[in-house]
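Asker: Quick one: the structure is below, and I'll ask about it shortly.
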């Protein structure tokens, strides 16, 4: 399979994950804030993303068992995306406003389906991409995911502002169905299932230097997640309308996030994993600190736009680099399990940070909250050297890893 075809297929799959998650993380907090919910209550809704942190529990089963007819990984991805689309479309059935309890249950269900799809998609990505393709592959992955988040968050928020719940969920479900076409047309090459004895998590935990690598996974994106957990409510409290927020996230966020992911993906092989993680981590910390500068004064539209753009570029670069380094640590025949264990730790850390963000913002104010978030970003940067200095970690300047 040629590289452009690989990247196109993976783009559609990661966009499919970003669509519902973008609505959940970007649009929903804004809507709940407009309904008068407190900052702690909005922050706690991030706990509905728990399946993303727990997916490592069923990843070994998915690695071992798969459909010979439909494809070892495609056999999971295709039905899961169709179920997620159906669940989103079902939210368009009630007249008027969707019941909050049913909405939260549906969000949890879609997160469970999307997280499980992600296990199979990550395994497919590691299988398809050669080491030399991983930088660009992860740049495309992050970019496509961000495009999905912007469509599901910013664009859907603008649609909601004009049309209400029904059209919003019809558009969300239909877009997800459209993004399912590439995997429906894909024919996965058969691959043998790995041996049972090596599918447990014990192999991964017992590698030399695992503790330092775990610390990096936990800390590297947690500070940014703490900051952005209250970004939407911050924009609401600055007096921005739903359409204004949708334009900022959909226009500025889309463009900046896409550029950042592609820059990070293209430079990570050239710079080396270690150096790229350090440089992009520092830029990420500075971008979060810019939010604190904006919050400390009279925030103009221009400053808000600048801060949003810089943060999305920085986040895209840092995320693409981290994902590339994570992929290096995967055994090809156990890719779904190995990558998922690492991704689950990242999601668990960022989800916990986002869930606590409301308490931090309420206690410290927005300025203090963003300063604290920037300091946590710096802590993540300090974890880079120990994580990539152990003999288990690959040489930071080599693109290929021998497990």
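Asker: Rg/Rh for the range 1-90: what does it come to with C-alpha atoms and Rh from Kirkwood? Before the final figure, lay out the partial values.
Answerer: Values: Rg = 16.9 Å, Rh = 15.8 Å.
Checking Rg against Rh, the ratio lands at 1.07.
Asker: Next question, about the same structure. Once both labels are modelled 7 Å past Cα along the beta-carbon direction, what's the residue 105-residue 302 spacing in nm?
Answerer: It is 5.1 nm.
Asker: What is the Cα centroid distance between the range 228-286 and the range 26-97, reported in whole angstrom?
Answerer: If you average the Cα positions of each part, the centres end up 23 Å apart.
Asker: Okay, moving on. Could you work out, for the range 286-345, what percent of all Cα-Cα pairs fall into each 10 Å distance bin, beginning at 0 Å and stopping at the bin that holds the largest distance?
Answerer: 21, 32, 20, 19, 8, 1
Asker: Using a Gaussian network for the chain with springs between C-alpha atoms less than 10 Å apart, which of these wobbles most: 315, 11, 296?
Answerer: 296
Asker: Let me ask something else about it. Suppose the chain between residue 375 and residue 266 were pulled fully straight at 0.36 nm per residue; how much longer would it get relative to their current alpha carbon spacing? Don't skip to the answer; put the middle values down first.
Answerer: On the way: separation 109, 0.36 × 109 = 39.24 nm, distance 2.73 nm.
Gain on stretching residue 375 to residue 266: 36.5 nm.
Asker: Just to be sure I understand the model, the point goes 7 Å from the Cα along the line to the Cβ. What's the resulting residue 47 to residue 282 distance in nm?
Answerer: Taking the two extended label points, one gets 3.9 nm.
Asker: Quickly rank 318-329, 168-179 as a protection proxy: mean count of other C-beta atoms within 10 Å, highest first.
Answerer: Details: 318-329: 26.3, 168-179: 21.0.
Put in order of decreasing packing, that is 318-329, 168-179.
Asker: With a cut-off of 16 Å, note down the residues of the range 109-123 whose backbone N falls inside the zone around a label point 7 Å from the Cα of residue 61 toward its beta carbon.
Answerer: So the set is 112-120.
Asker: Please work out whether the range 256-297 counts as rounded, prolate or oblate from its C-alpha gyration tensor, where a ≥ b ≥ c are the square roots of the eigenvalues and a/c under 1.5 means rounded, while otherwise a/b larger than b/c means prolate and anything else oblate? It would help to have the intermediate numbers written out before the result.
Answerer: Details: a/c = 6.00, a/b = 2.00, b/c = 3.00.
Because a/c hits 1.5 or more and a/b fails to exceed b/c, the range 256-297 counts as oblate.
Asker: Sticking with this one: To the nearest 0.05, how large is the calculated FRET efficiency for residue 68 and residue 132 if R₀ is 30 Å and r is the Cβ-Cβ distance? Don't jump to the answer; show the numbers that get you there.
Answerer: Values: r = 30 Å, r/R0 = 1.01.
According to the calculation, E is roughly 0.50.
Asker: Let me ask you something else. For residue 89, put the label point 7 Å out on the Cα→Cβ axis and report which residues of the range 125-168 keep their amide N under 19 Å from it.
Answerer: 152, 165-168
Asker: Per-residue ellipticity at 222 nm for the chain, helices alone: DSSP H runs ≥ 4 residues times -39500 (n - 2.57), over residue total, nearest 500 deg cm²/dmol? Working shown, then result.
Answerer: Numbers: 21 runs with 291 residues, N = 403.
Theoretical 222 nm ellipticity from helices: -23000 deg cm²/dmol.
Asker: Please report the base-10 log of the normalised intensity I(q)/I(0) for the range 74-161, using a Debye sum with one equal scatterer per alpha carbon and no solvent, at each q in 0.24 (1/Å).
Answerer: -1.29
Asker: I would also like to ask the following. Expressed in nm², what is the orientationally averaged projection area of the convex hull enclosing the Cα positions of the chain? Write down the numbers at each step before the final one.
Answerer: On the way: hull surface 70.1 nm².
About 17.5 nm², averaged over all directions.
Asker: For a distance above 13 Å, tell me the whole-number percent of Cα pairs in the range 229-281 that qualify. It would help to have the intermediate numbers written out before the result.
Answerer: Numbers: 926 of 1378 pairs.
Counting every Cα pair in the range 229-281, those more than 13 Å apart make up 67 percent.
Asker: Taking 2.2 N^0.38 Å as the expected size of a compact globular protein, what ratio does the Cα radius of gyration of the range 239-383 give against it, to two decimals? Walk me through the intermediate numbers first.
Answerer: Details: Rg = 16.4 Å, N = 145, 2.2 N^0.38 = 14.6 Å.
For the range 239-383, the normalised Cα radius of gyration comes out at 1.13.
Asker: If you don't mind, another one. Provide the gained length on full extension for the span residue 293 to residue 167, in nm with one decimal, where the gain is 0.36 nm per separating residue minus the Cα-Cα distance. Each step should come with its number before you reach the end.
Answerer: On the way: separation 126, 0.36 × 126 = 45.36 nm, distance 3.79 nm.
41.6 nm is the gain from fully extending residue 293 to residue 167.
Asker: Cut-off 16 Å, label point 7 angstrom out along Cα-to-Cβ of residue 207: give me the residues of the range 302-328 whose amide nitrogen falls inside.
Answerer: The answer is 322-328.
Asker: Would you calculate the convex hull of the Cα atoms in the range 1-156 and tell me its volume per residue in Å³? Could you put the intermediate results ahead of the total?
Answerer: Details: hull volume 19.7 nm³, N = 156.
Cα-based convex hull of the range 1-156, divided per residue, equals 126 Å³.
Asker: Highest mean first, how do 337-347, 136-146, 232-242 rank when packing is the count of other Cβ atoms within 10 Å averaged over residues? Don't skip to the end; give the middle numbers.
Answerer: Working: 337-347: 24.4, 136-146: 26.0, 232-242: 18.3.
Highest-to-lowest ranking by the protection proxy: 136-146, 337-347, 232-242.
Asker: Which of 181, 39, 290 moves most in a GNM of the chain, Cα contacts under 10 Å?
Answerer: 181
Asker: 7 Å from Cα along Cα→Cβ at both residue 82 and residue 189: what's the point-to-point distance in nm?
Answerer: 2.7
Asker: Order these peptides, 19-25, 256-262, by their mean beta-carbon neighbour count within 10 angstrom, highest first. Walk me through the numbers before you get to the answer.
Answerer: Working: 19-25: 26.6, 256-262: 23.6.
Going from most to least packed, we get 19-25, 256-262.
Bear in mind these aren't lab numbers, they're just calculated from the coordinates by the rules spelled out. Just so it is clear, the structure is predicted and the values come from calculations on it, not from any experiment. Here Cβ is always computed from backbone atoms with ideal geometry, including for glycine, and neighbour counts include all displayed protein chains.
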